[in-house]
Amino acid sequence: MFAHAYTILAAVVVVFLLAKTLRLSTELSMLASTVAGGVWHVFAWPGSGLRIFVPDNSLLRHIVEGMFTYFDVCLIFISATFFMTLVKESGGVAFIVRRIVKTFRTRRVVCLLLLTLVMLIPGALTGSGATAVLTVGALVGTVLSAMGVDDTRRTAAIFMTAAMSAAAPPINLWAMMAAAGANLPYVGFNGPLVVLSVAGAVFSMFWLAGGGKTADEEEAMKNLPMPPEGINGIRVAAPFVFLAALLLAGRVWPFDFPVIGLPMIFALSSLVVILCSGVRLKVWEILTRTVRNLLPLVGIMVVVGALIQILALSGVRGLISLKVVILPLSTLFATLFVILPVSEGILQYAVAPLLGVPLIMLFNMKGMDAIVALSAMSVLWPLGDCLPPTAVVGRAAVMELDFRGRYFGDFVKACLVPMAFVALCCTLFLIYSKQLSFLAF
Amino acid sequence: MDRTNRIKLAAVGVAVLAAVVASVEFLAMRNYRETVILGPSVSEVRKLSQYEPSLSGTPNDVNIYIMDSGKPGGTVMVLGGTHPEEPVGPIAAHILVENARLEAGRLVVVTRANRSASLYSRNGEAYPNFFRVKTDWGEKKWRLGDRGGSPLDSWPDPEVYVHWPSHQMLAYMDIRNLNRTWPGRADGLLTERTTFGLMNFIRQEKVDMLIDLHEAELEYPVENTIVAHEKAQEIAAMASMMLTAQEFAVPIGMEFSPKALHGLSHREVGDYSEAMSILFEVAEPMLDRIRGVTDESLLMEGKDDFVVEAGKHGLLYAPMDEKGWPIEVRVGRHLSTILQCIDIFSMMTPDRSVTVSGVPRYAEVIEKGPGAFLKDPAQAEKIAQD
């Protein structure tokens, strides 16, 4: 079985690299490697009775089934981006940006703290860094630009704060998925998660944007687009208030408020934007453009789901998990800050049940505090959202902020110091989880 | 037509072909009906919608098999299929329905407690759609399914699942997990309404003891054990001692139901009804994330090199060797544990005693295999379908 899994793993990697060499996109390369790994498994492991096409037990069923693993996440990406694009097109972003620059341009520390808070809220409520980028990233990015932060550092700041917002409580999808897999109640995580994510977000914002010059109001205003006539604070705030109200209602009145899901919440909030807009919005055009822009992101999520299913089918997923959990604890402490972000880049949220569950069980066995340890891991995972092949949040940040520099040479490089800070904090939380268990109240 | 459009057209063709082939399999699983032969003591088959009308017409309007001796006594209820990815529950439940003879009291069995969860396979896990048990008359086939209800029946999930009535926050997908939604809500989502209906049955029919059948990965600490509510601790402790001393090669433990962990049958049924509630766990290597090739053989034979390797590193809570955890061992353990708990309950509360015969115990199931106790539908007088 070991030889079989190693062979499939090799086939998947080789076909992926070959496809990339042939200049296929990351999505298509991954799809090719998924199919290759699956076909190899069908012929190399006949005992499963698996066939490629024949219904009842076909490889095709596994590929299609896997493709729907992140269906909900894709819907959230699309609906959240649609919402934010409508806000932009209605002139709301320009209005808010101008107001923030006008009010806070001379008080940099307060301004940065408020911007960090603005970045943290959407991800904390949804568990999605991409949602944070897509809803408030462009807005905050524009303010940073007006504050004299260069393109590279502001894109890095948006990514890092978005990553920390995804890790922030109350919703941390990695912790929730791993806890569910290990039958650990999702309770007591708020303390350790808030300490780590807020510390990481504040450090990132000040490290990356703390040193800029004070914005020249006249210059900044000149560069910012003029909002349409008739727009005011109430019209701009109404969709956000409505969005926040829907998000909070499900938590404040969980037994009275209907479960409508995040995609519907964003869709309804989009309706409010359209109703409150001072200009006539080309809704159909904005919608099709949004979907077209997000196709690479959605494509990655779809194919990653199929890849994971084939890896699980052929035993490769088990092999990877096994090799991780049999590492000595000291080695894990010394390597998790690399393993977790890298695996997140490959597998996205699926990494939580894949690596998180065996690791929680291992930590439990070793007498560590599972809640603190899982919280630390759940803050490390989103750091990998700028890493290939998925790089979902990183790509979203680059796309939203229209970053024109080099992805790795400039953007990822600028993130390294804040990442190291977060990694250090999380590793300390892992090592001293027992001593920090008081945070898990 | 230019080259790009030809490529696009070909891609659409491949996608449609894949969708058609996959759809045939998805529909085959969703529409497959499991045949249950009504055994000698089955006096009635009720629908859960009798106890929660909103379930009528939904996949979770499940059958409730009632075996009534016609003699005074208590009522014991057994739930199979709470988590369909744990196949021992439905198999053991079928064996009870098809073989049990009630001599006192009543035995109530649900073979598919969360039927919706058995109608689809979990994305990303590569589970087989079906599993089969060999019998003298051929193969008996079941749907495998997922841990939680199908999104086709309950969608979307909330951002976070807030458990009623404790307000404990749980993972969003657990709102479709039957063993996280007890005691349920009449106006909740499908799975919450299912547990609400089951609770109504338990209260109205004065169930004395609820037994919930499960399996667990070997990496999970709650393994090969009986988890008991305070009211059932004596029964669980005695059963654990007797089974370990007299029957099982691998001991069965006993654990207290945690008071702070909500939504589980062993906690909420005990808290919100007069019934004692207990839950059984047995090792199932296919549930381990570190498993190797995922297929029906692994599910039924319970043999896996990767899990054995993990055991060598001390990462497991159950012993694991090349013999694995075959289905006959797992089914046998659950059946013996059910019978033992019923015996002890009857001994402790003679006025509410339940006497069952005709059900095989551990040694007999291992010797003959579970298929030996599954009846041929072609020869059956009365059947039902799940």
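The values are calculated or read from the model by the stated rules, or taken from the named source; none is laboratory data. From a predicted model like this one, the values you see are computed outputs, not experimental measurements. With ideal geometry, Cβ positions are generated from the backbone for all residues, glycine too; neighbour counts draw on all protein chains shown. To get the accessible areas, we keep the full protein, side chains included, count just its heavy atoms, and leave off ligands, DNA and RNA. Shrake-Rupley method; radii C 1.70, N 1.55, O 1.52, S 1.80 Å.
Annotations for the structure displayed:
- Excluding ligands, DNA and RNA and using a 1.4 Å probe, chains A and B jointly bury around 5300 Å² of accessible surface, summed across both partners.
- Whole-number accessible area per residue in Å² for the protein assembly as shown, which is evaluated in the context of all protein chains at 1.4 Å: 37
- Whole-Å semi-axes of the range B:42-117's equivalent ellipsoid (Cα gyration tensor): 22, 16, 8
- Highest average packing first - B:268-279, B:198-209, Cβ atoms within 10 Å: B:268-279, B:198-209
- Cβ crowding within 10 Å averaged over residues, with B:217-229, A:97-109 ranked highest first: B:217-229, A:97-109
- Rg and Dmax, both from the Cα atoms of chain B and both in Å, are 21.0, 84.
- Unit Cα scatterers, Debye sum, the range A:240-350: log10 I(q)/I(0) for q = 0.22 Å⁻¹: -1.14
- Each Lys and Arg contributes +1 and each Asp and Glu -1, all at the Cβ; summed about the Cα centre of the protein assembly as shown, the dipole is approximately 2560 debye.
- C-alpha center-to-center spacing [the range B:349-370, the range B:240-298] in angstrom: 19
- Under the shape rule built on the C-alpha gyration tensor, where the axes satisfy a ≥ b ≥ c, chain A is prolate, since a/c reaches at least 1.5 and a/b is greater than b/c.
- Overall form of the range A:66-124 per C-alpha gyration tensor (a/c, 1.5; a/b vs b/c): oblate
- Convex hull volume of the C-alpha atoms in the range B:183-233, normalised per residue: 110 Å³.
- Accessible-area composition of the range A:298-441, carbon plus sulfur, in percent [1.4 Å probe]: 71
- Ranking A:V412, A:L336, A:Y6 by Cα position along the charge dipole of chain A, where only Lys, Arg, Asp and Glu carry charges on their C-beta atoms, puts A:V412 farthest toward the positive end.
- Farthest toward positive dipole pole in the range B:191-237 [+1 Lys/Arg, -1 Asp/Glu at C-beta], among B:H229, B:G197, B:A216: B:G197
- Per residue of peptide B:301-310, the mean number of Cβ atoms on other chains within 10 Å of the residue Cβ is 4.
- Close amide-amide hydrogen proximity is noted between B:E215 and B:V282, each under 5 Å apart and 5 or more residues distant or on a separate chain (H modeled in the peptide plane; Pro and chain starts excluded).
- Angle in degrees between helix A:26-44 and the longest Cα principal axis of chain A, rounded to the nearest 10: 20
- Tilt relative to chain A, helix A:151-167 - C-alpha long axis, 0 to 90 degrees, to 10: 60
- Sorting A:12-24, B:253-265 by average packing, meaning the other beta carbons within 10 Å per residue, from highest down gives B:253-265, A:12-24.
- Taking every full run of DSSP H in chain B, the ones that stretch at least 24 Å from end to end by Cα along their long axis and average 0.0 or higher on the Kyte-Doolittle scale are B:3-31, B:327-348.
- In the range B:36-385, a dipole from Cβ-located charges (positive for Lys and Arg, negative for Asp and Glu) runs towards its positive end, and of B:A372, B:M169, B:S357 it is B:S357 whose Cα lies farthest in that direction.
- Rounded percent of accessible protein surface that carbon and sulfur make up, chain B, 1.4 Å probe: 54
- Residue by residue along B:146-158, Cβ atoms of other protein chains within 10 Å of the local Cβ number 3 on average.
- Dimensions of the protein assembly as shown based on its C-alpha atoms, expressed as ranges along the principal axes with the largest first, amount to 92, 55, 53 Å.
- Partner chain coverage, peptide B:18-28 - average Cβ within 10 angstrom: 6
- Of the chymotrypsin sites (Phe, Trp or Tyr not before Pro) found in the range A:247-291, the ones in coil according to DSSP and having at most 15 other Cβ atoms within 10 Å of their Cβ are A:F255.
- Residue order for A:C386, A:C276 - accessible surface, 1.4 angstrom probe, largest first: A:C276, A:C386
- Loop-located trypsin sites (Lys or Arg not before Pro) in the range B:7-102, at most 12 other Cβ atoms within 10 Å (DSSP): B:R33
- Summary of the geometry: the range B:131-206 and the range A:152-173, compared by the centres of their Cα atoms, lie 34 Å apart.
- The range A:1-67 - Rg (one decimal) and Dmax (whole number), Cα, Å: 12.5, 36
- Interface burial in the range B:206-250 reaches 20 Å² or more for B:E217, B:E219, B:Y220, comparing the full protein assembly with the chain by itself; accessible area from heavy atoms with a 1.4 Å probe.
- Taking only the alpha carbons of the range A:15-146, we obtain Rg and Dmax values of 22.9, 71 Å in that order.
- Three principal axis extents describe the C-alpha atoms of the range A:133-260; from largest down they are 56, 37, 18 Å.
- For a paramagnetic label modelled on A:F2 (point 7 Å from Cα along Cα→Cβ), amide N atoms under 18 Å away belong, within the range A:310-347, to A:315-328.
- Across the range B:103-217, Cα-Cα distances exceeding 25 Å account for 33% of all pairs.
- Helix-only arithmetic for the protein assembly as shown: the sum of -39500 (n - 2.57) across DSSP H runs with n ≥ 4, divided by the residue total, places the mean residue ellipticity at 222 nm at -17000 deg cm²/dmol.
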